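Each remark here refers to the structure printed beneath this line.
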């Protein structure tokens with residue numbers, strides 16, 4: 001599976017959807033991982049760290065949304081990201097996502 005991890009764009013969100021150890025584990029099990037350049041800036045992790053773990057680093061988030069079969073993010077898709085989502089997307093990280101927000105995301109797409 002091709003897994004993509006874009007940088008978070010929500011204001012004051014510095015976390016990363018995946019750390020290098022997670023990338024390494026996924027790659028070890030046969031998956032490919034794309035990360036957006038600068039993904040780890042807010043947590044003190046460099047692009048080189050992700051590459052050493054087996055990820056491919058890409059510049060543009062649009063490439064990740066276009067190519068990946070699974071998108072991993074900390075926060076829900078932001079308004080700028082919604083047009084990038086595939087028509088048949090599934091949002092799995094629902095614990096903090098209020099039902100009204102999920103409905104608005106689906107309606108916007």
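Summarising the label geometry, the points placed 7 Å from Cα in the beta-carbon direction at residue 75 and residue 2 lie 2.7 nm from one another.
What is the calculated FRET efficiency for residue 27 to residue 60, with r their C-beta to C-beta distance and R₀ = 22 Å, to the nearest 0.05?
E between residue 27 and residue 60, to the nearest 0.05, is 0.55.
The slack in the chain from residue 12 to residue 67, taken as 0.36 nm per residue of separation less the alpha-carbon distance, amounts to 17.1 nm.
No lab work stands behind these numbers, since they all come straight from the coordinates. None of the values given here were measured: they were computed from a predicted structure. No Cβ is skipped: glycine too gets one built from the backbone with ideal geometry, and neighbour counts run over all protein chains shown.
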